[in-house]
Amino acid sequence: MSQTRSNAPSPHRDGVAVARAAFVTHGRVEVIGDALERMRAVAARCGVEIVADGTPDIVVVLGGDGTMLRALQRWLGTGVPCLGVNYGRVGFLTSVGGDELETGLEAAFAGRYSVLDLPTLAGDAGSEPLVAVNDIVLTSAAAGRMAMLEWGVDGQSLGELGCDGVIAATPTGSTAYNLSAGGPVLVPGADSYVVTFVSPHSLHARSMVLGRPHTVAFRNVSADVPVQAIVDGHVASVLDPGGRVEVRLGDAPAALARLAGTSFFTRYLEEFTH
């Protein structure tokens, strides 16, 4: 089950001057207001063409982290970076505040940004492949009932554990559900992922950080409790008793654009230390 992988993405690269840009928004006009018109005006001043198809140089995302995840998934593996303008609640993946849209986009269109290639997760549940930017979560599909999961790494069983579920999270996703469940924060750029059990029926369950060579497998050994596989917040498949899923780091990275002067650590300080 173990495979040695050496094709880890280069974590950082420089931005380029933008000639073509696409945009994604969550569509809630009452939240973004006139942001689309403001973005189009900046693009016109900077000589940037707004495109709806083809391959853009950058994707401008007007929204919060959910909209960012949707955009990162859509352009996954293309190398096209996504730049977030925060019109959400947290906006951990965004780089520009809504009130800084003009100055932020002018800097981005001039190429004054860097690109962070984010590790992703690839899962195999025996049907369609699962690909996640944030996390793959297995959780009991029967309300109020605990699931029993057997788990192991690289073919070595690590036993069975009763729990509400388990999270496999990328560094990007480590600050989401994983953090709420008591898991550690992984720094972006780390070529690793973390496994954290949710409400384990054990005093000894601990998170485990795994690297690119490692594959973790989970099997639903419950007698009669189905388990949902949730990818980046959306139900992707259901594991009946006996069902199995394998998870590893994916081959295709997601490309996140960051303006100069913004970083994971500045957002971490803003969001988690107050």
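Nearest 500 deg cm²/dmol is fine: what mean residue ellipticity at 222 nm does the chain get from its DSSP H runs of n ≥ 4 alone, each adding -39,500 (n - 2.57), divided by its residue count?
-4500 deg cm²/dmol
How high is the FRET efficiency between residue 103 and residue 127 when r is their beta carbon distance and R₀ equals 30 Å, given to the nearest 0.05?
0.05
Residue by residue, what Karplus-based ³J(HN,Hα) values in Hz, rounded to whole numbers, does region 35-48 have, using 6.51, -1.76 and 1.60 with θ = phi - 60° and x for Gly and Pro?
Coupling constants for region 35-48: 4, 5, 5, 5, 5, 4, 5, 5, 4, 4, 4, 8, x, 9 Hz.
Protein chains only, probe 1.4 Å: how do 14, 154 rank by accessible area, largest first?
14, 154
Out of the total accessible area of region 14-147 (probe 1.4 Å, heavy atoms of protein only), what percent is carbon and sulfur?
Answer for region 14-147: carbon and sulfur cover 50 percent of the accessible area.
Largest first, how would 204, 214, 12 line up by accessible area (1.4 Å probe)?
Per-residue accessible area, sorted high to low, gives 204, 12, 214.
Where only protein heavy atoms count, and the probe is 1.4 Å, what is the accessible area per residue for region 136-259 in Å²?
For region 136-259, the solvent-accessible area averages 40 Å² per residue.
If I take R0 = 51 Å and measure r between the Cβ atoms of residue 244 and residue 30 in this structure, what FRET efficiency does the formula 1/(1 + (r/R0)^6) give, to the nearest 0.05?
FRET efficiency, residue 244 to residue 30: 0.70.
Excluding ligands and nucleic acids, what accessible area in Å² is computed for residue 49 using a 1.4 Å probe, to the nearest 10?
100 Å²
Provide the gained length on full extension for the span residue 190 to residue 150, in nm with one decimal, where the gain is 0.36 nm per separating residue minus the Cα-Cα distance.
11.7 nm
For the chain, what's the relative contact order in percent, using C-alpha pairs closer than 8 Å and at least 6 residues apart?
23 percent
So how exposed is residue 199, as accessible area in Å² (1.4 Å probe, rounded to 10)?
70 Å²
Taking 0.36 nm per intervening residue step and subtracting the Cα-Cα distance, what contour gain separates residue 266 from residue 13 on full extension?
89.1 nm
Percent of accessible area on region 163-274 owned by carbon and sulfur, 1.4 Å probe?
About 56 percent, which is the carbon plus sulfur part of the accessible surface.
Using 0.36 nm times the number of residues separating residue 74 and residue 50, minus their current alpha carbon distance, what extension gain do you get?
Length gained, residue 74 through residue 50: 6.9 nm.
Would you mind getting the accessible area per residue of region 69-122, heavy atoms of the protein chains only, 1.4 Å probe, in Å²?
Accessible area per residue: 35 Å².
Within region 144-178, find all residues whose amide N lies under 17 Å from a label point positioned 7 Å from the Cα of residue 235 along Cα-to-beta-carbon.
Flagged as within label range: 144-147, 165-166.
The values are calculated or read from the model by the stated rules, or taken from the named source; none is laboratory data. Values in this document were obtained by computation on a predicted structure and should not be read as measured data. When we count neighbours, we look across all protein chains shown, and the Cβ atoms used for this are built from the backbone with ideal geometry, even at glycine. Just so you know, the surface numbers come from the protein's heavy atoms only, side chains and all, with ligands and any DNA or RNA stripped out. Shrake-Rupley method; radii C 1.70, N 1.55, O 1.52, S 1.80 Å.
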